[in-house]
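**Q** Could you have a look at this structure, given as structure tokens, before my questions?
The values are calculated or read from the model by the stated rules, or taken from the named source; none is laboratory data. Just so we're clear, the structure is a prediction, and the values are computed from it rather than from any experiment. We place every Cβ from the backbone using ideal geometry, glycine too, and count neighbours over all the protein chains shown. Calculation scope for accessible area: heavy atoms of the full protein, side chains included, ligands and nucleic acids excluded. Shrake-Rupley method; radii C 1.70, N 1.55, O 1.52, S 1.80 Å.
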Amino acid sequence: MRLVVHNMLQCHVKGCDSNNFPLRLFDVELEIHEIEFNPQFLQSLLPKLDWNAFISTANQIGITSLPQALPEEIDEDFLKNLHRILFETHIMQGKMVCSNCSHEYPIKEGIPNMLLNEEEAEEEAEVEAEVETEAEED
Amino acid sequence: MSITPIKAFTEHDTTSLTDDKKEQKYVHDVYQAIAPHFSQTRYKPWPVVEQFLNSLDIGSIGADIGCGNGKYLGINKNIYMVGSDRSSKLIEISVSRGHEGIICDALNLPFRSECFDFVISIAVIHHFTTFERRLAAIKELFRIARPGSYILIYVWALEQSNEARRKFDKEQQDVFVPWVIPADKNNQDKKEIIYNRYYHLFKKGELDELIESTGIAQIVKTDYDKDNWYVIARKEGSENEIDKKCCDC
Ligand SMILES: C[S@@+](CC[C@H](N)C(=O)[O-])C[C@H]1O[C@@H](n2cnc3c(N)ncnc32)[C@H](O)[C@@H]1O
Ligand SMILES: [Zn+2]
């Protein structure tokens with residue numbers, strides 16, 4: 001999971017509807033995967049980020065190279081740094097914790113599991129399937 | 001080749017299960033079990049979906065709800081898409097291809113309201129067993145889309161052209177659509193397996209009614225394509241709402 005996606009996530013436990021964003025990150029393992037730099041794309045995407053949430057989250061995982069407020073003048077160096085943090089930095093392991101209700105969402109092998117307990121499938125659920133004994137011809 | 005016909009959902013003893021348990025058994029457990037085989041057969045993007053994705057502005061952020069193996073997530077390099085699905089097995093396949101994937105349920109999405117510039121949900125809403133659940137799922141799609149944005153929804157049609165369908169009761173909307181994993185010719189023990197997947201087949205106009213009854217989106221386009229009904233809807237409100245308010249005051 002990249003940080004750009006984290007910026008869209010909130011806690012969705014029933015009744016938890018204030019102070020449920022951003023989810024706090026803990027015990028994270030990061031990996032960098034390089035992808036093509038596309039400044040025009042980044043620039044158009046910027047206003048859609050919740051900047052404060054993004055900065056506080058970046059700080060939590062030890063990334064401190066970003067300004068507290070979005071700069072007025074955006075230059076290429078700034079965009080390159082942003083590209084690296086938003087799109088090339090992957091959270092591979094860890095957990096996200098809601099500041100309001102303390103619900104924990106695990107991240108394993110880069111994938112956050114946002115299913116709530118009551119939605120979770122029982123382990124090794126038995127699937128109803130019919131096994132054909134004879135092949136039919138048509 | 002033999003064609004496995006579609007059967008009525010009511011032929012099975014499903015009355016003792018609650019709606020979510022029915023979906024667990026006849027949708028979620030099935031996708032988990034068939035994920036690798038299902039994914040092998042899902043690689044061709046549908047042209048209407050492709051066109052929709054290619055028409056979006058550069059820098060758009062969107063969500064694909066029920067993304068399966070993520071076949072739509074990499075179509076347009078100038079937008080950013082997040083895929084989500086209940087099936088961890090399908091999400092793993094999608095993420096292994098470099099896409100963004102989240103395991104969650106379409107009825108309760110973990111996304112902030114109005115944070116996406118577009119939303120798609122292709123062949124997912126027909127897996128909910130009641131009207132209320134289908135409506136709730138559509139409301140969730142609209143909740144996460146920003147005002148003025150476009151939402152594309154596909155569902156399977158009752159009006160089908162394919163052969164499996166022709167063999168079957170034309171009025172039956174709640175059905176099992178079999179997924180067949182063929183026998184392994186090199187392994188005697190691996191016999192053919194048939195999984196029953198639950199579908200609600202949509203009648204003409206039914207998807208439009210659902211969307212209209214939310215009261216928060218307008219239908220921009222509605223059509224039939226590849227045995228499916230689809231709608232492009234626009235969420236009400238304008239993206240410049242905030243600017244307008246500022247001018248007024
Ligand atoms: C027919 S497949 C379509 C996959 C993909 N959209 C495509 O077009 O190839 C239906 C998908 O919906 C997912 N799905 C079904 N019910 C769901 C639910 N309640 N929440 C999230 N995903 C669901 C399934 O796991 C499966 O991946
Ligand atoms: Zn919470």
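**Q** Name the residue that is nearest to ligand 2 (Cβ to nearest atom), counting only residues in the stretch B:125-159 that are within 13 Å of chain A (Cβ to nearest Cβ) and among the small types (Gly, Ala, Ser).
**A** B:145
**Q** Same structure, new question: I'd like to check something: does the stretch B:83-101 contain any residue that is open to solvent by less than 10 Å² (accessible area, probe 1.4 Å) and part of a loop (DSSP other than H, G, I, E, B)?
**A** yes
**Q** Here are some residues: B:194, B:138, B:144, B:151. Which one is touching a Cys at 6+ places or on another chain (Cβ under 8 Å), open to solvent by less than 30 Å² (accessible area, probe 1.4 Å) and not charged (D, E, K, R)?
**A** Working: B:194 fails: touching a Cys at 6+ places or on another chain (Cβ under 8 Å); B:138 fails: touching a Cys at 6+ places or on another chain (Cβ under 8 Å); B:151 fails: touching a Cys at 6+ places or on another chain (Cβ under 8 Å).
Sole residue among the options that is touching a Cys at 6+ places or on another chain (Cβ under 8 Å), open to solvent by less than 30 Å² (accessible area, probe 1.4 Å) and not charged (D, E, K, R): B:144.
**Q** Can you work out which of the residues in the stretch A:19-54 that are out of contact with any strand residue (DSSP E or B) (no Cβ under 9 Å at 6 or more places or on another chain) and open to solvent by 70 Å² or more (accessible area, probe 1.4 Å) is nearest to ligand 2 (Cβ to nearest atom)?
**A** The residue in question is A:19.
**Q** Which residues, taken from the stretch B:69-113, are more than 10 Å from chain A (Cβ to nearest Cβ), of a type in the set (Gly, Ala, Ser) and in contact (Cβ under 8 Å) with a residue 40 or more places away in the chain?
**A** B:106
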